[in-house]
Amino acid sequence: MGLLDKLETIATTRETLLPKGINPFNVVIEEIYSATEGSIDGQRVILAGTNNYLGLTFDPRCIAAAQETLGKEGTGTTGSRMANGTFSGHRALEKELALFYGCNSAIVFSTGFVTNLGMISTLAGPGDVIVLDADSHASIYDACRMSGAEMIRFRHNKPVDLEKKLRRLGSKSANTLIIVEGIYSMLGDCAPLAEIVALKKKYGAWLMVDEAHSMGVLGERGRGLAEAVGVEEDVDFTVGTFSKSLGSIGGYCVSNHRELDLVRYLSRSYIFTASPSPASISSVRAALKVIGSEPQHRTKLWENVEQLYQGLKQLGFELGADPGPIVAIRVPTKESALFAWKAILVKGIYVNLVFPPAAPAGLSLLRCSISTAHTSEQIDYILKTFAELKPMMTAT
Ligand code: PMP
């Protein structure tokens, strides 16, 4: 088999899977009008699959901050912080993140994906163990493989299974990093964090929580699931992204362990990649200020969540376990999910179509993400449309 033959196999699979004219994995959003509206195939659509949980991509303060920095500092850093130097904005943001979380240190990375690669593969290595939730994000899986540590999966959100795995490790648990997420990106359910923390303490392991989807969404101050559950002190490393509630691009880790700062000198995904552009950093700084000082956006988000989640539940759809800004409808077959996705788009609503392996447990999902910026009328329209298309979405 030649080098490129495997790509041909993918082309064939794609052709058999995707009927002509439907490609949910190559959607072009031709114009963006607001945090919740854009145009696809020349049609104005409601964007309900963006992870723009607080709608801050269009907050005038975030835009103004980015524009000002763009004019002053240019379009990019053109290199890594280690080689080319840190811009003052990166430093300032790290201080502000540490302050926001009440932690000693913070590191900013170029994306959430490389944050996980850099943090996990630096913290754990050969001879160490990583115990991770089976539904973890691809970046966590890739990081585990890169680390060279022994990798053990526990069943999604099943502390009983986690304990079984920890018990077997014996004294190795002191060299074990447990990794879970705040809100899981596909089904939108939360980790049972209080139970996981209890096990981490019982077995003397370490804990990392990826709050990519829960930062800005959960907790009184928007710090995520650990804040909401009251266990922040027991989380060793919190990682997150700038690409969801913070409305930009980049990633971060915060911790009370002073050693975090040393990760910079070892992490290849920090050392060998360009740092985030100064304008992105400025918009994140403005967004962080909004999240820290204006809880009303979170309150509105949860009103919207309730409207969509309870509305879909009443319509009889099978949803993820917890209400949250990710609302995933389980669809019985790939084919019905595909045709329903297209029919929803034709009605003027863009949601995400997710197949395995991106979706867990062999599920096909129509995944909506809801935002503070959605109006109640938009959510009503989504509900009305889903009610109309329900026969398609539940066809076996
Ligand atoms: N962690 C989780 C849990 C995610 O869902 C994602 C992205 N969807 C990432 C990390 C990666 O974040 P980024 O988009 O900033 O690379």
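The values are calculated or read from the model by the stated rules, or taken from the named source; none is laboratory data. Computed from a predicted structure; not experimentally measured. Note: ideal-geometry Cβ built from the backbone for every residue, glycine included; neighbour counts use all protein chains shown. What goes into the accessible areas is simple: the full protein's heavy atoms, side chains included, and nothing from ligands, DNA or RNA. Shrake-Rupley method; radii C 1.70, N 1.55, O 1.52, S 1.80 Å.
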**Q.** Gap separating the Cα centres of the stretch 182-229 and the stretch 282-352, nearest whole Å
**A.** 20
Q: Pull up the cross-link candidates among the lysines for Lys164, meaning alpha carbon to alpha carbon under 30 Å and not fewer than 8 places away within one chain.
A: Lys172, Lys200, Lys201, Lys202
Q: Return the tail of the calculated pair distribution for the stretch 60-293, meaning the percent of Cα-Cα pairs more than 24 Å apart.
A: 41
(Q) Which one, His213, Asn116, Val160, projects farthest toward the positive side of the charge dipole computed for the stretch 74-219 from Cβ point charges (K/R +1, D/E -1)? (A) Val160
Q. What FRET efficiency would be calculated for the residue pair Thr78, Arg268, taking the C-beta separation as r and a Förster radius of 25 Å, to the nearest 0.05?
A. 0.85
Q) Just by accessible area at a 1.4 angstrom probe, what is the order of Glu294, Glu181 from largest to smallest? A) Glu294, Glu181
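In whole percent, and with a 1.4 Å probe on the protein chains, what portion of the accessible area of the stretch 60-293 is carbon and sulfur? Before the final figure, lay out the partial values.
Working: 5080 of 9510 Å².
C and S fraction of accessible area: 53 percent.
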**Q.** Surface accessible to a 1.4 Å probe, Ser376 within the full protein complex, Å²
**A.** 50
Q | Solvent-accessible surface ranking, highest first, for Phe272, Phe242, Phe113 at 1.4 angstrom | A | Phe272, Phe113, Phe242
Q. How much accessible area per residue does the chain have, in Å², with a 1.4 Å probe?
A. 44
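Tell me the net charge near Lys165. Cut-off is 12 Å between Cβ atoms, Lys165 excluded, with +1 for each Lys or Arg and -1 for each Asp or Glu. Could the numbers behind the result be given before it?
Working: positive: Arg153, Arg155, Lys158, Lys164, Arg167, Arg168, Lys172; negative: Asp133, Glu150, Asp161, Glu163.
It works out to a net charge of +3.
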Q: May I ask you to derive the relative contact order of the stretch 60-293, considering only C-alpha pairs under 8 Å and at least 6 residues apart, and to give it as an integer percent?
A: 32
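What does the charge dipole of the stretch 60-293 about its Cα centre add up to, to the nearest 20 debye, if the Cβ of each Lys and Arg holds +1 and the Cβ of each Asp and Glu holds -1? Please report the intermediate quantities before stating the final value.
Values: 25 positive and 24 negative charges, 55 e Å.
Once rounded to the nearest 20, the dipole reads 260 debye.
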Q: Round to the nearest 0.05 the FRET efficiency obtained for Lys158 and Leu3 when R0 = 51 Å and r is the Cβ-Cβ distance.
A: 0.80
(Q) Just to verify a number: what accessible area does Val239 come out at with the full protein assembly present, 1.4 Å probe, Å² rounded to tens? (A) 0
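If we sort 125-135, 205-215 on the protection proxy, mean other Cβ atoms within 10 Å, highest first, what's the order? Can you show the working numbers first?
Working: 125-135: 18.7, 205-215: 27.1.
My ranking of the peptides, most packed first, is 205-215, 125-135.
Using only the heavy atoms of the protein chains and a 1.4 Å probe, how would Trp302, Trp341 rank by accessible area, largest first?
Trp302, Trp341
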Q: Multiply the residue gap between Arg14 and Glu68 by 0.36 nm, knock off their C-alpha separation, and tell me the result in nm, one decimal place.
A: 15.0 nm
Q. Accessible area of Lys6, 1.4 Å probe, to the nearest 10 Å²?
A. 110
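Once you order the gyration tensor axes a ≥ b ≥ c over the Cα atoms, which shape class does the stretch 1-160 get: rounded for a/c under 1.5, otherwise prolate or oblate by comparing a/b with b/c? Working shown, then result.
Values: a/c = 1.69, a/b = 1.03, b/c = 1.64.
The shape class here is oblate.
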Q: Show which lysines lie in cross-link reach of Lys334 when reach means a straight Cα distance below 30 angstrom and same-chain residues fewer than eight apart are skipped.
A: Lys6, Lys20, Lys158, Lys244, Lys313, Lys342, Lys347, Lys384, Lys390
Q: Report the label-to-label distance for Lys334 and Glu30 in nanometres (one decimal), using points 7 Å from each Cα along the Cα→Cβ vector.
A: 3.0
Q | Normalised alpha carbon radius of gyration of the chain [divisor 2.2 N^0.38 Å] | A | 0.99
